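Working notes, beginning with the structure itself.
The values are calculated or read from the model by the stated rules, or taken from the named source; none is laboratory data. Keep in mind that what you see is a predicted model, and the values were worked out from it rather than measured. No Cβ is skipped: glycine too gets one built from the backbone with ideal geometry, and neighbour counts run over all protein chains shown.
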Amino acid sequence: MLKKIALATAVVSMFSVPAFASFGSATENGNFLQEGSTTSKIINSGQAHTYYLDVEQATAVKIGSDHFPGTNHPLQRMSAQLVDAQGNIVTEAKSSAGNFEIQETLQPGQYRLMVSGSSAPGGDSWDVHRYSLHVNFQ
């Protein structure tokens, strides 16, 4: 009987550990910024999206937000804050038309970009609430 319990526990633990591991931090879920465009996300009032950026050498970085063509709304507000590993705000950008742009030369280190905003009144489509980021290293 003891062997059956031990075997059942071992089998359950094989399946439960990977399941719990998949609920890791945002860095493990692919929110690292890389050159190019991110997948689109829906901006919701009061819910910031966090992205991570590792800089290995001093680099000029340009990060801009964009909505689907034709979906900009004058009431769509977005802001972004770039924070270093110590929690210091490196730069921030705000926009009342839904798009922002950050241009900054970053020193080696780890950074977080927090994107937030307010959802514009939307009509029938969530497209007006979607944005993506465009990242360029120089």
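Quick one: which residue in Ala120, Ala60, Ala97 is exposed (fewer than 15 other Cβ atoms within 10 Å of the Cβ), among the hydrophobic types (A, V, I, L, M, F, W, C) and either modelled with pLDDT of 95 or more or touching a helix residue (DSSP H, G or I) at 6+ places or on another chain (Cβ under 6 Å) (or both)?
Exactly one residue qualifies, and that residue is Ala60.
Which condition does Glu28 not pass, out of (1) loosely packed, with under 15 Cβ neighbours inside 10 Å; (2) touching a strand residue (DSSP E or B) at 6+ places or on another chain (Cβ under 7 Å); (3) modelled with pLDDT under 80; (4) charged (D, E, K, R), if it passes all the others?
(2)
Considering only residues that are surrounded by 12 or more Cβ atoms within 10 Å (Cβ to Cβ) and either without any contact (Cβ under 8 Å) to a residue 60 or more places away in the chain or in contact with an Asp or Glu (Cβ under 7 Å, 6 or more places away or on another chain) (or both), which ones fall in the range 34-57?
Within the range 34-57, Asp54, Val55 meet the criteria.
Would it be correct to say that Gln81 is under 19 Å from Lys41 (Cα atoms), at pLDDT 95 or above and assigned to a strand (DSSP E or B)?
Taking the combined requirement at face value, the residue satisfies it.
Could you tell me which residue of the range 31-67 is farthest from Ser116 (Cα to Cα), considering only residues that are in contact with a Ser or Thr (Cβ under 8 Å, 6 or more places away or on another chain) and among the charged types (D, E, K, R)?
Going through the qualifying residues, I end up with Asp66.
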